[in-house]
1. Determine which member of the set 65, 15, 52 is at pLDDT 95 or above and either surrounded by fewer than 11 Cβ atoms within 10 Å (Cβ to Cβ) or touching a helix residue (DSSP H, G or I) at 6+ places or on another chain (Cβ under 6 Å) (or both).
2. For region 55-62, check the following and say yes or no: at least one residue is at pLDDT below 90, assigned to a helix (DSSP H, G or I) and touching a helix residue (DSSP H, G or I) at 6+ places or on another chain (Cβ under 8 Å).
3. Here's a check for you: in region 19-45, which residue that is over 16 Å from residue 56 (Cα atoms) and in contact (Cβ under 8 Å) with a residue 12 or more places away in the chain is surrounded by the fewest Cβ atoms within 10 Å (Cβ to Cβ)?
């Protein structure tokens, strides 16, 4: 359910500019920032870039994922 929210004009303009680059709606861009911010606060020991990349990887279709193959151990 969508809810109207008042935000600062500067933040709105920043979201609008970033949304164009990222091919999102303005609301989608703000939701994206909020999701990363919340996950970053929940995981303060992880770099924000790692959190963002992990969330992006979770949205990728599983049938297009590259399986992880560990390197062989040296003996």
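The values are calculated or read from the model by the stated rules, or taken from the named source; none is laboratory data. Please read these numbers as outputs of a predicted model, since none were measured by experiment. Using ideal geometry, Cβ is built from the backbone for each residue, glycine included, and neighbour counts are taken over all protein chains shown.
1. Details: 65 fails: at pLDDT 95 or above; 52 fails: at pLDDT 95 or above.
None of the other options fit; the residue is 15.
2. If we filter region 55-62 for residues that are at pLDDT below 90, which is where we start, we get 55-62.
Next, only the ones that are assigned to a helix (DSSP H, G or I) stay: 55-59, 62.
When the remaining residues are screened for being touching a helix residue (DSSP H, G or I) at 6+ places or on another chain (Cβ under 8 Å), the result is 55.
Yes - at least one qualifying residue is present in region 55-62.
3. Across region 19-45, the extreme among qualifying residues is 27.
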